[in-house]
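Asker: Structure provided below as structure tokens; questions to follow.
Where a number appears in this text, it was derived from the coordinates with a stated rule and is not lab data. These figures come from a predicted structure and were not determined experimentally. Counting neighbours? That spans all protein chains shown, and the Cβs are built from the backbone with ideal geometry, glycine included.
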Amino acid sequence: MIDFHKRIVAFLAVLAIFLLGYTATSLAGGDVTVKTTASEPTTTWAVENMPEADRQHYAGEFWRLDAEDNEDLPKNFRTSLDTVGKVNGILPDSTGMDKLKISGSGQMSESGMEGLLETIRTKTDVPIYIVDLRQETHGYLDGTAVSWYGKRNWGNIGKKTEDIIKAESVLLQDALAVDTNVYPLDKSKHKAEDAAITFTPLETKTEAEVAAEYGANYFRITSTDHIWTSPENIDRFIAFYKTLPNDVWLHFHCMAGEGRTTTYMVLYDILKNGKNVSLADIAARQYVIGGIDIMAMNESNKMTHSAAPVTDTAITSWKQSFGQERTEMIPLFYQYVRENPKLDISWSEWLRREKKTV
């Protein structure tokens with residue numbers, strides 16, 4: 001009887017492993033079917049530590065059109081000097097905003113970079129730093145901003161910053177004087193085949209090169225799209241922050257100027273003003289000048305933590321846990337800065353000490 005029971009237990013254990021390991025589901029918005037546990041990571045740690053085989057589902061596939069080359073300001077451009085409005089009928093505390101000297105936006109073209117810097121220089125005469133938050137490979141083909149796009153914009157998951165930058169330069173150079181198709185994305189985040197633009201670029205550049213040409217400093221943080229930024233990235237950002245001159249202007253940007261850009265504008269605001277301004281006020285004022293509702297203050301934004309509700313449930317379903325994680329981690333960063341005003345303990349070390357997770 002005991003042996004029979006052992007066999008039953010063993011059979012159930014094997015069955016459980018089989019069901020957990022091989023249950024399949026389709027990627028939201030994608031056409032690849034993979035294991036549930038592999039295709040639907042729900043934390044920053046799971047994304048950043050994804051097995052190499054699973055990363056291939058998100059590998060870059062084509063050049064995406066990010067911004068046509070014109071002098072228009074990039075989408076979602078805003079500055080800390082913009083008027084702070086009300087949130088839910090309440091006017092956030094604006095203490096320190098007039099001295100914060102930051103701006104944010106989506107990706108700019110080469111001419112857009114020139115126009116952006118000209119606009120900022122009408123507001124300040126201090127050194128300007130472009131803080132590029134994009135992990136994904138990107139650059140310029142004859143001034144047009146492009147990026148090497150994979151599913152969910154996760155083409156460089158798990159890669160080191162130096163490796164991303166090195167491969168980026170090579171990929172851009174390989175496009176020089178070669179017929180190259182560039183595609184906008186359709187509403188489902190797929191390649192819009194019928195809207196392709198063909199380039200035979202006479203010039204390719206990295207964003208660092210373009211920033212330097214127009215007299216700006218440049219700093220890269222390779223933050224994965226859609227998810228809370230990794231502890232290593234925040235450590236790098238704080239190390240960068242400590243090296244800055246007393247009076248500078250930082251322009252943060254990602255692809256759309258929404259999630260990653262708002263995140264780092266909030267983090268910087270906390271570093272500068274956290275000892276005097278509440279987190280609720282910092283998050284609210286960054287929202288009302290044009291960022292996302294990062295703390296989901298408006299009921300309609302609780303699903304996506306976005307400035308405008310997204311109705312595509314196939315997209316929001318996998319984004320929801322990442323938005324929730326971001327909302328939970330930002331108060332911890334606020335606590336970290338309040339407890340360590342000299343920043344003599346790194347963010348990652350503090351997380352380990354406090355036994356917090358990401």
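Asker: Tabulate in residue order the Karplus-calculated ³J(HN,Hα) for region 83-88, using 6.51 cos²θ - 1.76 cosθ + 1.60 with θ = phi - 60°, rounded to whole Hz; enter x for Gly and Pro.
Answerer: So the Karplus estimates, Gly and Pro as x, are 5, 8, x, 8, 10, 6 Hz.
Asker: Follow-up. Normalising by the residue count of region 148-249, find the relative contact order in percent from Cα pairs under 8 Å and 6+ residues apart.
Answerer: Working: 74 pairs, mean separation 23.5, N = 102.
It rounds to 23 percent for region 148-249.
Asker: Also: Under a 5 Å amide H to amide H cut-off, with H placed in plane at 1.01 Å, what residues pair with residue 252 once short-range neighbours are removed?
Answerer: 103, 104, 105, 131
Asker: So which of 75/275; 205/275; 159/356 end up more than 29 Å apart by C-alpha?
Answerer: Numbers: 75/275 31 Å; 205/275 41 Å; 159/356 24 Å.
Over 29 Å Cα-Cα: 75/275; 205/275.
Asker: Filter the cross-link list 166/191; 272/319; 101/160; 151/187 down to pairs whose alpha-carbon distance in this structure exceeds 18 Å. Could you put the intermediate results ahead of the total?
Answerer: On the way: 166/191 26 Å; 272/319 29 Å; 101/160 30 Å; 151/187 14 Å.
As for pairs spanning more than 18 Å Cα to Cα, those are 166/191; 272/319; 101/160.
Asker: Each residue of region 327-339 in turn: what ³J(HN,Hα) in whole Hz from Karplus with 6.51, -1.76, 1.60 and θ = phi - 60°, glycine and Pro shown as x?
Answerer: Per residue, the Karplus-derived 3J(HN,Hα) values read 5, 7, 7, 4, x, 5, 5, 4, 4, 4, 5, 5, 7 Hz.
Asker: Further question: Please give me the summed charge of the neighbours of residue 200: other residues whose Cβ is under 14 Å from its Cβ, Lys and Arg +1, Asp and Glu -1. Could the numbers behind the result be given before it?
Answerer: Numbers: positive: none; negative: 142, 174, 179, 203.
Summing Lys and Arg as +1 and Asp and Glu as -1 gives -4.
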